[in-house]
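Let me begin by presenting the structure, written as structure tokens, before commenting on it.
Please treat every number below as a calculation from the coordinates, not as lab data. Since the structure is predicted, the reported quantities are computational estimates derived from the model, not experimental observations.
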Amino acid sequence: MAPIARTYSLAIGAVFLGLFVQASQAAIVVQGTRVIFPANVDDVTVRLANSSREPVLVQSWVDDGQAEMAPEDVQVPFVVAPAVSRIDPSGGAVLRISRTQSIAVADRESLFWLNVLETPPRRASDDAVLQFAFRTRLKLLYRPTALASGVDAAPEQLKWTVVATPKSTGATNLEVANPTPYYVSFGHVEVDCDGQAFPVKTGMVAPFGKTVLTTSTRFNCHASGPKVRYEAINDYGARRMFEQPVGK
């Protein structure tokens with residue numbers, strides 16, 4: 001089924017009648033900030049709630065990171081039911097995500113994305129209203145059985161180093177290496193250099209991978225080496241603060 005597209009309804013006549021923009025605020029609240037799919041289960045559920053005063057049409061599917069691909073073209077080992085549903089005002093719904101085939105990778109987590117696309121119902125009075133569809137994307141982490149424990153210790157095992165950048169960039173970047181089989185996502189990152197904090201762009205680092213996080217400032221510590229303070233987001237969306245020295 002094709003994704004629910006943005007709907008643009010403009011009433012244009014010889015006389016300007018006025019154009020009103022419908023409140024652009026997402027109505028659907030998705031439980032949690034990520035979905036963990038353990039390898040030893042066949043399905044998991046995610047709860048949705050409609051916080052608005054209007055019914056909402058919702059389409060849900062899983063992708064492999066190709067956000068712009070149509071749901072019917074995505075090849076992933078998961079299916080979501082119901083794929084399309086109507087949620088009444090102040091009502092709720094439950095999505096069931098089922099695994100349709102085995103996943104061969106067993107030594108690390110695999111990353112997919114749950115999409116929840118919502119659009120308000122069209123009414124006869126909406127001829128002069130600009131309507132928006134909202135899409136929420138949540139990480140879906142498939143976790144092999146051998147990795148059932150140990151995820152909470154992953155953030156403190158990260159290794160940080162300074163990345164050489166041309167002086168013309170006016171910035172000093174950091175590389176973070178992840179020696180663990182888990183994805184680590186950051187909520188906040190900053191470098192402490194001689195007591196001064198420099199913000200670092202957040203992101204995530206893949207299992208056994210490396211990624212570069214950028215800053216907008218060039219720093220050069222004199223009194224002591226730089227330290228990085230970072231918030232890691234756990235399975236429940238909570239944030240834990242860590243501090244590590246930054247190598248060269």
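Were the residues from ASP107 through SER51 laid out at 0.36 nm apart, the gain over their Cα-Cα distance would be 16.2 nm.
For the stretch 93-102, putting each phi into the Karplus relation 6.51 cos²θ - 1.76 cosθ + 1.60 with θ = phi - 60° gives couplings of 8, 10, 8, 10, 9, 10, 7, 9, 7, 6 Hz, in residue order, rounded to whole numbers and with x for Gly and Pro. Take every pair of alpha-carbon atoms less than 8 Å apart whose residues are at least six positions apart; their mean separation over the length of the stretch 151-245 yields a relative contact order of 29 percent. If you wrap the stretch 50-193 in the convex hull of its Cα atoms and look at it from every side, the mean projected area works out to 14.4 nm². Annotation: amide H of LEU140 within the under-5 Å range of VAL35, PHE112, TRP113, LEU114, sequence separation 5 or more or interchain, hydrogens built in the peptide plane.
Consider all pairwise Cα distances in the stretch 203-248 and report the whole-number % of them above 12 Å.
Numbers: 783 of 1035 pairs.
In whole percent, the share of Cα-Cα pairs in the stretch 203-248 beyond 12 Å is 76.
By the rule of a C-alpha distance below 16 Å, with chain neighbours fewer than 8 residues away ignored, the aspartates and glutamates paired with LYS227 are GLU156, GLU175, GLU190, ASP192, ASP194, GLU243.
Around the amide H of VAL163, modelled in the peptide plane, lie the amide H atoms of ASN173, LEU174, GLU175, all under 5 Å away and 5 or more residues distant in sequence or on another chain.
Work out the P(r) tail for the stretch 154-248: percent of alpha carbon pairs separated by more than 18 Å, whole number. Don't skip to the answer; put the middle values down first.
Working: 1829 of 4465 pairs.
Of the Cα pairs, 41 percent sit more than 18 Å apart.
The 3J(HN,Hα) values that the Karplus relation (6.51, -1.76, 1.60; θ = phi - 60°) gives for the stretch 54-59 are, in residue order, 10, x, 10, 8, 10, 10 Hz. Gly and Pro appear as x. Amide H contacts of VAL184: VAL205, each under 5 Å away and 5 or more positions distant or on a separate chain (H built 1.01 Å from N in the peptide plane; Pro and chain starts excluded).
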